[in-house]
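Trainee: Okay, handing you the structure first.
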Amino acid sequence: MIHHSGRIEVICGSMFSGKSEELIRRARRAVIARQVLQVFKPSIDDRYGVEQVSSHDGTTIQAQAITSPVEIEQLLKPETTVIAIDEAQFFDSSVVQVVQELAQRGLRIIIAGLDTDFRGEPFGAMPQLMCVAEEVTKLHAICVVCGEQACRTQRLVNGAPAHYNDPIILVGAHEVYEARCRMHHVVIRD
Ligand code: ADP
């Protein structure tokens with residue numbers, strides 16, 4: 001098969017914006033077109049089981065859970081032409097070089113991840129990935145307070161807005177996340 005040039009596509013947005021849905025949609029279409037697909041995700045996210053990417057509306061696709069981006073190259077099959085990576089915000093910055101090299105070799109890389117964390121600040125290596133990508137899709141959810149476009153992820157701890165300095169993992173606390181617009185996104189700064 002003639003190898004065309006590779007490309008990097010980033011799908012970003014808040015929680016519930018449909019990133020996983022869109023990743024799964026693109027991945028399935030590639031498979032229908034007889035592309036050989038491998039899907040990766042960080043193993044810390046075991047929301048619906050470690051061997052799948054799942055969207056909040058229930059669609060799933062098989063995935064390989066990895067702890068470091070270098071494992072993508074180690075697990076890569078010679079026949080693979082398309083790579084999908086979900087929850088990319090949880091990978092360290094080495095993910096940028098890994099996907100750059102794979103795109104250089106002619107692979108199509110589809111990467112989904114949160115553009116901002118619960119504080120509304122850039123998340124992990126997502127800014128770098130967005131810069132080197134050929135294509136960036138920024139999705140939106142619907143603000144649960146006002147119904148406008150939501151661009152942020154609201155963290156609520158025991159029903160109240162999270163504090164800026166809260167640890168990423170809160171032991172024993174009940175935390176939930178909501179999609180909210182800029183105006184209704186609240187972070188308590190102590
Ligand atoms: P992401 O990967 O960005 O978190 P998913 O693809 O997992 O998003 O889920 C998107 C789905 O989440 C939507 O199709 C819808 O069913 C559901 N959803 C839940 N809350 C909201 C919301 N506030 N706005 C839009 N969709 C929502």
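No value in this document is a laboratory result; all are computed from the given coordinates. Here the structure is a predicted model, which means the values were calculated and not measured. Cβ sites come from the backbone with ideal geometry, for glycine too, and all protein chains shown count toward neighbours.
Trainee: What's the exposure ranking of GLU178, GLU73, GLU87, going from fewest to most Cβ atoms within 10 Å?
Mentor: GLU73, GLU178, GLU87
Trainee: Further, regarding this structure: Under a cut-off of 20 Å between alpha-carbon atoms, report the aspartates and glutamates in cross-link reach of LYS138, not counting same-chain residues fewer than 8 places apart.
Mentor: Those aspartates and glutamates meeting the cut-off are GLU9, GLU21, GLU22, ASP57, ASP86, GLU87, ASP115, ASP117, GLU121, GLU148, GLU178.
Trainee: Give me ARG28, ARG34 ranked fewest to most by other Cβ atoms within 10 Å of their Cβ, as a rough exposure proxy.
Mentor: In increasing order of surrounding Cβ atoms, one gets ARG34, ARG28.
Trainee: Same structure again: Which ordering of SER43, SER14, SER93 is given by a fewest-first count of other beta-carbon atoms within 10 Å?
Mentor: If I rank by nearby Cβ atoms, fewest first, I get SER93, SER43, SER14.
Trainee: For the chain, what is the convex hull volume of the alpha-carbon atoms per residue, in Å³?
Mentor: 122 Å³
Trainee: To the nearest 10 degrees, how steep is helix 19-32 against the longest Cα principal axis of the chain, on a 0 to 90 scale?
Mentor: The helix 19-32 is inclined about 20 degrees to the chain.
Trainee: In degrees between 0 and 90, to the nearest 10, how far off the longest principal axis of the chain does helix 94-104 point, with axes built from Cα atoms?
Mentor: 30 degrees
Trainee: For the chain, what is the calculated [θ] at 222 nm in deg cm²/dmol (nearest 500), taking -39500 (n - 2.57) for each run of four or more DSSP H residues and dividing by its residue count?
Mentor: When only DSSP H runs of four or more count, the value is -6000 deg cm²/dmol.
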